[in-house]
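Have a look at the structure below, then the notes.
None of the figures in this text is laboratory data; all of them are computed from the coordinates on show. Quick caveat: nothing in here was measured; it's all calculated off a predicted structure. Note that each Cβ is placed from the backbone with ideal geometry, even for glycine, and that neighbours are counted across all protein chains shown.
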Amino acid sequence: MVTTSDRQTAAEAVTAHERILTYAQALNEALREEMRRDPTVFVMGEDVAAWGGGGVFAVTRGLAEEFGTERVRDTPISEEAIVAVAVGAAASGSRPVAELMYVDFVGLAMEPLVNQAAKLRYMFGGKVSVPMVLRTQQGAGRGNAAQHSQSLEAWFCHVPGLKVVTPSTPADAKGLLVSAIRDDNPVVFLEHKLLYGTKGHVPAGAYTIPLGVADVKRPGRHITVVGVHMMVLKALQAADQLAEEGIELEVIDPRTLVPLDEATIVESVKKTGRLIVTHEAATRGGYGAEIVARVVELAFDYLDAPPVRVCAKDVPIPYSAVLEEAALPQVTDLVTAARALMHDEV
Amino acid sequence: MQVIMPVLGLTMEEGTVSAWLKAEGEPVVKDEPLLLVETDKATVEVPAPASGVLTRILVPPGRPVAVRTPIAEIAAEEDRTTAPSALPPEQAAPPAATSRPAAPPTERRFVSPRARRVAREQGVDLAHIAGSGFQGRIVERDVLGALPARRVTATPLAERIAAERGIPLEGITGSGPRGRVTREDVLAAAGGPVIPLSRVRKLTAERMAASARTAPHVTLFLDADLEEAARFRAQLAPEFARLGVPKLPWDAILAKAAALALAEHPALNARWVEGEGIRRHSAVHVGVATALEPEGLVVPVLRDAGTRTLRELAADLLALIERARAGRLGPDDLAGGTFTITNLGGQRIDAFTPIINPPEAAILGIGRIAEKPAVRAGQLVIRTQATLALSFDHRVVDGAPAAAFLARLAELLERPYALLGV
Amino acid sequence: MEGTGRTALAPGDRELPAERLLDAYRQMLTIRRFEERALDLYRAGEMRGSTHPYIGMEAVAVGVCLALEPDDYITSTHRGHGHTIAKGGDVRRMMAELLGRATGYSGGKGGSMHIADLDRKMLGANGIVGGGMGLATGAALTAKLQRTGAVAVCFFGDGALNQGILHEVSNLAAIWSLPVVFVCENNQYAMSAAAAWTIAGGDPAKRAAGYGIPGLTVDGMDVEAVERAARDLVDRARRGDGPSYLIATTYRFVGHHAGDPLNYRPKEEAEEWRARDPIRRLAERLLARGLATAAELAAIDSEVLAQIDDAVAFAKASPPPSVAQLLTDIYA
C-alpha cells in the first residue's frame, strides 16, 4: 500500500529514520559490519586497539572489544611492515585493512605498496589477488605542519594497480569503505583529518557505493568544480555565495580518483564550458592536472575558457595559522576564480 | 589598440552603436568624435581613444553588445612608429597583466575551443565576430549572439503543446515538412510529460521508499469469511442511518476489529525507534488510507478505535473522508496513528502486499469482499470472503505473534457481534 | 632453541628415506640443468632482461622445501628459479615465461624475476631485495588468523640482511609469534659486495638473538643438513612457537647474472666452493650408502636433460602473448 500521514508526523518520522553520524562513526560502522560479515577481514595498524579504545581518530573504536585483538591488531611503529605484511596476508587469503596513522608516513612504506601490492597481480599474470585496504588520513588545517598535513593522493594515482578513494561525506565514507574492503584489489583509502568530525545522514546496514562513480554534489550551469576531500565542502560553500551573484557552480566529487569517473566530469564540462579543479595537495603535479588533461583531451571543443586549478601552494604545509591558511585553497579563492572565469578575466 | 564599448553610466550593461563617424581605413585623432552610442537613456558621442588609423570596425550599427566588448581597432601612431626591437629589453617586456584590456595583435584572433566548435556547427564566420572574453577572446556567447534569430515554424498542435508545457520551440529540430516542428518533436524534446510533485505525492514517495528500504517486510495472508459480517453490516446500516450516520463503511468495521485485536496483541501496536528500541503504544489509533487522486494518499486517523463505538467510528470515518476529499484535513485528523488499514477491495483486487506506514509496526491490507467458493464441512459452498494481508516490520515483531494477531482479527470479523461491545 | 649457534640442534638420526633423497637429487639436478640452459638461452639472445642463476645453491631451496608441506608458503628472490622448482613448479611454464611466451607462468608479463605458482603456495620471485619478507610474514599472519596450520618460509640473500624491512618483520613476527622461517641464503656476495664486509657483527644468525628468536647457521652445500635444520624450525613454527632465522652458508658458482664480470672474487675461492658442489656431494652419499647406482644416477641425469629439452621446445613452440593482454590483469 501507499500511505502517508500528516506533514508534521511525516517530518518527525523521517527525522527518526535519519541516522546522523560523523564521518569517523560511518567508517567505524563500515569496518564493524564488514568484520561481522567476513571473518577474513582484519584490521591492523598503530594504536588501532588500545589507544582510547580504538585509534587516534576513533575510527576503530570498540572494534577490539567486539572482535578481539587477534583481528584488531595493534602494531609496533613499523610502517613498512604494516603495509608489507598486509600485502602478504591479502595474497594468501585474508582481507586486511591496514592503517597508517598519517599519509605522510607512507614514504616509509612505498616499497610494499608500489612494488608489491600494485604489481603482484600483473607480474604473476593474474594468478594472485591482493584484496587489501590501506586506510590513512591526510590533509591540513589543524596546524600539524609539514610532516603531518600533506595530501598525497597523486602519488598513489600514478601507480597502475592501485585504486584510490577519497570520500568527503559520512555516507560516502561508509559505502566506499565497504566497497573497498570487498574489492579484490589494493585500495588506498584516503580520509581527511578535518572530515572525521563532520556529520551527515548515513543509511543503516550494509550498502556499497561502487568505486569509479562520481557524485554531483550540487548541480549548476556555469562552472564545473571538481574537488577532493575538504575542497568539496569548500566548493559547496563557494557555490552558496556565488549563487547570490547568479553564478552557478556544478560541484562534483569524484569520490574515487582511480578509477576516475571521467564521463561525469566530461559531461558536466560539456554543459558548463568551464572547469575548476581544487585540492589541498600542492598544485604542481597534483591530480587536478590529470583531470584537466583528461578534460582537455576529451572535451576540448567544449571549453569556453582555460581550466583553472585552485590548489595548495607549492610549499611544505607551514605551522602558523596565518601561513597555513595562505598555503591552502580557501572558499574565497574558489569564489575569486569562479568570478574571474565568469567575467572573462582568464 | 582596441576601441571598446564604453561604460557610460553606473548601470549600463550594454550599448548599441548607432553610427560610426569614421570609416575603416580613415585616420582618426585622439578625442575627436568616433562613433555614437545609444544607451537606454541617451545617445552619446564617443571620442577616439587614440590617434591613428581606424583599421577595423568590429561591431556594426544596430546590434547591442556588452560594455567593454571590443568594437573597433585603431592602429595607433605610436604602434606604428615605435619598433619594439628598438627598445631596451626591460621596456620590451609584455604589458603587465593588470593593464586590461590589453590589445591582442590584430592578425591573431583568439577563439575558445567551445566557440570555435559552435561556430563550425552553426556555420558562423568567426572573422565577423567580436570577442568579448579575456583580451578579446571570442567565446561561445559571441558566436551565439551573432546567429540570426531562428524563425521556428511549428504545427498549431505542436505550438499549443509546447506552450502548455513550457517547452521552448527554439531548441527543437523539426521533422515535419520544411523543418516544421510537429507534436511528436515536442513530445520527444520533452522526454515525455513530467509531472511536478505535489507535497502529498512527494511525502508519499519519500516515506514509502524509506519504509521499504529500512523495515524488513513480511506479509501474511488469510482468507477471512465475511458472510456473517456482511449480514451484520446489512442489519446495522439502517439503524445507523436512523441515528444520522448515513452509511456503515466496511473500513469502520475493519478498523474496529483491528483495534480490538491490537488491544489483545500489543506487540503489533508499536513502533521502531532507531537507535533506541521498540516503543509500544498505550492507545490504539487506526489510520485508514484514503486515495486522493492524483496527489497521493492520506491516512486520516480514527482515534481510540478500540474503545469508541462502531457508530462513532463510522460517523468519524465518513466525516474524515469528506474532509479529505475536500482537502480540508487538519493536522489533528492525520496525527498519531499506531496502525493502518488500507482497502483496495473496491478495485477488484484480490490481495496485495501493503507497505508499512512508518514508523508503525504493521499494516492491514484488505482485498475485494465478494462471494467466493469455500469448503465447509466437506461441501463446496459460496461465502462472502476477503483476503486479509498483514505486512509487519520484522525488526519489531516476529511471525508467530503477527500470525496470532491476524487470526484473532479474522475471528472477530467472522463473529462480528463482539464489535458492538462485550 | 634459545640463542644462536652453528647447528645448535642435534641432527640426530632423522635421515630422509631413500626415495626422498633421490627426489632431492633429481630436483637439484633439475635446477642445475634449468639454469645452465637458461644461461645458454640468455647468451644466445633468446631472453630479455636478465637471469640470475641458482647454480651452486641448489641444496638450500631443495633442503628447505623437503621440510615443507604442500600448503606451506614460500617467498622467493630475484634468483627464484630454484625455489620454484623445489616447491614443485612446472619447468615448461617456467621456461616459457623466461622466453616471454603466452604459456609462461605469467603469460609473459613477468619474466625470470616474477615467476609465481600460487597453486603450490609459491608467492613469487621478487625483483626487490627483501621484497618477499613482508609477503611471507603476511602469509604467516593469514595462517595464524585462519588457523590453517601452514608455515611460511621467506628465502632471501645476504644482501637483504641489511634491508630495514627485515628488522620490522622480524620484530613483528616475534611479538606476534607468527609461523614464519626466515631463510638467508648467504652466498657470500650481494652482487659485488662481500658479505664479510657488508654484515656487521659477524655471524648474521646472531641477529636473531636480538628478537629473542632462534638463529641457526647451516652448511648450505649439504641438502640433508639444510633439511634437518629447516625441519626443526618449520616444526617449531607450526607448533606456534614463532619465527626463526636459518642462515644457509652457500655460494653461487657463476656470476650474479649472465653479464657479471666476476672481478670481485678470487678464482681460487670459487674453486674451493665448487669442490663442495652440493649435487656431487649428494651423489657420492647416495652411492656410498648404496641408495643408488651410478647407472641410476646417470639415468636421472638424462631424464632431467630430456625434461629441460622438452621445456625449451615447449617454450619455443609457444606463441608470444597477444598484445590484447597488455592491459589485462592490472586490476581484478
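Quick notes
- Mean Kyte hydropathy of -0.5 or more with a Cα span along the axis of at least 18 Å, helices from DSSP in chain B: B:250-264, B:310-325, B:399-414
- Sequence of A:C157, A:C311 once ranked by neighbouring C-beta atoms within 10 Å, starting from the fewest: A:C157, A:C311
- Cα gyration tensor, the range C:82-223 - rounded (a/c under 1.5), prolate or oblate: oblate
- Normalising the average separation of contacting C-alpha pairs (under 8 angstrom, six or more residues apart) by the number of residues puts the relative contact order of the range A:215-342 at 28 percent.
- Gaussian network model of chain B, Cα within-10 Å springs - most flexible of B:A291, B:A257, B:A130: B:A130
- Between 0 and 90°, nearest 10: helix A:287-299 axis offset from chain A longest Cα axis: 60 degrees
- Nearest-0.05 FRET efficiency for A:V315 and A:M110, computed from C-beta distance (R0 22 Å): 0.50
- Dipole magnitude for the range C:4-318: computed about the Cα centre from +1 point charges on Lys and Arg Cβ and -1 point charges on Asp and Glu Cβ, it is near 580 debye.
- Prolate/oblate/rounded label for the protein assembly as shown (Cα gyration tensor, a/c 1.5): oblate
- Calculated SAXS-style log₁₀ I(q)/I(0) at q = 0.09, 0.10, 0.13, 0.14 Å⁻¹ - chain A, Debye, Cα scatterers: -0.50, -0.61, -1.00, -1.13
- With a cut-off of 17 Å on the backbone N, the residues of the range B:373-403 near the modelled label site 7 Å out from B:V218 along Cα-Cβ are B:389-403.
- Cα-projected label distance for B:R328 with A:V216, points at 7 Å along beta-carbon direction, nm: 4.4 nm
- Largest mean-square fluctuation among C:I55, C:I128, C:I213, in a Gaussian network model of chain C whose springs join Cα atoms under 10 Å apart, belongs to C:I128.
- Backbone amide hydrogens, once placed in the peptide plane, bring C:Y73 within less than 5 Å of C:V151, C:A152, C:V153, excluding anything fewer than 5 places away on its chain.
- Length gained on full extension, B:L243 to B:D125: 33.9 nm, using 0.36 nm per residue less the C-alpha separation.
- Residue exposure proxy: B:S18, A:S320, ordered by other Cβ atoms within 10 angstrom of their Cβ from fewest to most, comes out as A:S320, B:S18.
- Relative contact order of chain A, defined on C-alpha pairs under 8 angstrom at six or more residues apart (%): 15 percent
- Between 0 and 90 degrees, the angle of helix A:79-91 with respect to the longest Cα principal axis of chain A falls at about 80 degrees.
- If you take the Cα centroid of the range B:179-238 and the Cα centroid of the range A:12-91, the two points sit 43 Å apart.
- Euclidean distance between Cα centres, the range A:165-179 to the range C:48-78, Å: 43 Å
- Expressed to the nearest 5 percent, the antiparallel share of DSSP beta bridges inside the protein assembly as shown is 50 percent.
- DSSP H segments from chain C that extend 30 Å or more along their own axis, Cα-based, with Kyte-Doolittle mean of 0.5 or above: C:294-317
- Under-5 Å amide H pairs with B:A48, H placed in peptide plane, nonlocal only: B:D31, B:E32, B:L34
- C:A313 paired with A:D38, simple spin-label distance in nm, labels 7 Å along Cα-to-beta-carbon: 4.6 nm
- Computed from Cα atoms alone, the Kirkwood hydrodynamic radius reported for the range B:178-325 is 19.0 Å.
- Qualifying lysines (Cα of each under 22 Å from Cα of B:K30; at least 8 residues distant if same chain): B:K22
- Secondary structure note: in the range B:199-420, about 80% of the DSSP beta bridges are antiparallel.
- Beta bridges per DSSP with both ends in chain A, % antiparallel, nearest 5: 20 percent
- With the largest listed first and rounded to whole Å, the semi-axes of the equivalent ellipsoid of the range A:7-201 from the Cα gyration tensor are 28, 19, 17.
- By the count of other C-beta atoms within 10 Å, a proxy for reagent exposure, C:L327, B:L260, C:L39 are ordered fewest to most as C:L327, C:L39, B:L260.
- FRET efficiency for the pair B:A190 and B:E26, taken as 1/(1 + (r/R0)^6) with r the Cβ-Cβ distance and R0 = 41 Å, rounds to 0.15.
- Computed from phi, the 3J(HN,Hα) profile of the range B:380-388 under the Karplus parametrisation 6.51, -1.76, 1.60 (θ = phi - 60°) reads 7, 10, 9, 9, 6, 9, 8, 8, 8 Hz, with x in place of Gly and Pro.
- The GNM of chain A, with springs linking C-alpha atoms under 10 angstrom apart, assigns the highest mean-square fluctuation among A:V213, A:V315, A:V225 to A:V315.
- Chain B: relative contact order as a whole-number percent, Cα under 8 Å and 6+ apart: 12 percent
- Close amide-amide hydrogen proximity is noted between B:V28 and B:G52, B:V53, B:L54, each under 5 Å apart and 5 or more residues distant or on a separate chain (H modeled in the peptide plane; Pro and chain starts excluded).
- Principal-axis tilt of helix A:7-17 within chain A, Cα atoms, nearest 10 degrees: 40 degrees
- Cβ-Cβ distance of C:L327 and B:S51, R₀ of 60 Å, FRET efficiency by 1/(1 + (r/R0)^6): the value works out to about 0.40.
- Cα centroid separation, the range A:274-315 to the range B:354-387: 64 Å.
- Shape category assigned to chain B from the gyration tensor of Cα positions, a/c cut at 1.5: prolate
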